[in-house]
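Notes follow the structure.
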Amino acid sequence: MLEINHLKKVYNPGTVRELCLFEDFSMKVPEGQFVSIIGSNGSGKTSLLNLICGSITPDKGQILIDGKDITRMPEFRRLKRIGRIHQNPAVGTCANMSILENLSLASHKDQKMNLLPGVDRKEKERFQEMLRPLGLGLENMLEAKCGTLSGGQRQALAMVMSVMTPIDFLILDEHTAALDPKTSDLIMHLTQEVVAEKKLTALMVTHNLRYAIEYGDRLVMMHQGGIVLDKAGEEKQKTKLEDVLDLFTQISIELGN
């Protein structure tokens, strides 16, 4: 279980640009839950993911995984249990390395490689079998540089790489935002398959309300560092796009937009 207890986060403290994003934020995510997180720009969605992953640290409060306090744990140590897919497809892979080299690094990220070869014939065949179900032809392009791939191909590859070693959490930060609609649908289908197959706890930030409604078993809407909508299970399944749009409109009117 992921527990976030009474977080406070202030950006640019003591300056004219000071912003208190989280004042007393708490949230619990049970093991195996797939949470879709929506909200307007500046609501705290990506900051929440950064706090969980350790990219930034809170001023107060605790972040716990299975009861263990990881609030001050370095980011690289958290990534042993957390996989993350970013909005920019270029972030999840190394452009100047081949698909094969990227996969090899990902598969050995929790091991000491020393000076031994990173890939043998059997492992190469294993990589091809992992890529074949994607239907993108990547299994026949292992020597291609990742920088030559399309955004969808790189995002799909990043997804595969993120779960090559055992993890418990998958963090998705608008991971379809830079893709065309058809490719976005493919990546979302892959996301659902990976989360279900690996039995992961997933948190997905998205601006695509359709995806937020259709995917996951919990829907959370954030606004000004707080949660204004939280529906799970059957209640989430009954939520319609119009319901979410109405709430967005109400918030927008309150802000004078």
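The values are calculated or read from the model by the stated rules, or taken from the named source; none is laboratory data. Just so it is clear, the structure is predicted and the values come from calculations on it, not from any experiment. Here Cβ is always computed from backbone atoms with ideal geometry, including for glycine, and neighbour counts include all displayed protein chains. Heads up: the accessible areas ignore ligands, DNA and RNA and are worked out on the full protein's heavy atoms, side chains in. Shrake-Rupley method; radii C 1.70, N 1.55, O 1.52, S 1.80 Å.
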Quick check for you: which residues of the range 124-168 have the amide N under 18 Å from the point 7 Å beyond the Cα of Asp180 toward its beta carbon?
135-138, 148-157
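Pop the C-beta distance of Ser55 and Arg121 into the FRET formula with R0 = 35 Å and round what comes out to the nearest 0.05.
Working: r = 38 Å, r/R0 = 1.08.
Once rounded, the FRET efficiency stands at 0.40.
For Lys68 and Ser150, calculate 0.36 nm times their separation in residues minus their Cα-Cα distance, and state this gained length in nm to one decimal.
Details: separation 82, 0.36 × 82 = 29.52 nm, distance 3.95 nm.
Fully extending the segment from Lys68 to Ser150 adds 25.6 nm.
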Out of the total accessible area of the chain (probe 1.4 Å, heavy atoms of protein only), what percent is carbon and sulfur?
51 percent
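How much length, in nm to one decimal, is gained on full extension between Gln250 and Glu235, taken as 0.36 nm per residue of separation minus their Cα-Cα distance? Write out the running numbers ahead of the final one.
Details: separation 15, 0.36 × 15 = 5.40 nm, distance 2.08 nm.
Here the segment from Gln250 to Glu235 would lengthen by 3.3 nm.
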What whole-number value in Å² describes the accessible area per residue of the chain for a 1.4 Å probe?
52 Å²
To the nearest 20 debye, what charge dipole does the chain have about its Cα centre, counting +1 at the Cβ of each Lys and Arg and -1 at the Cβ of each Asp and Glu?
700 debye
Would you calculate, for the chain, the mean residue ellipticity at 222 nm contributed by helices, counting each DSSP H stretch of 4 or more residues as -39,500 (n - 2.57) and dividing by all residues, to the nearest 500?
-10000 deg cm²/dmol
If the cut-off is a Cα-Cα distance under 14 Å, which aspartates and glutamates reach Lys124, setting aside same-chain residues fewer than 8 apart in sequence?
Glu101, Glu139, Glu143
Quick calc: nm separation of the 7 Å Cα→Cβ label points for Met1 and Asn96 -> 4.7 nm
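In what sequence, highest mean first, do 127-138, 10-21, 95-106, 214-225 appear when ranked by Cβ atoms within 10 angstrom? Before the final figure, lay out the partial values.
On the way: 127-138: 16.0, 10-21: 10.8, 95-106: 18.4, 214-225: 20.0.
The peptides rank, most packed first, as 214-225, 95-106, 127-138, 10-21.
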Over the range 97-231, equivalent-ellipsoid semi-axes from the Cα gyration tensor in Å
31, 17, 13
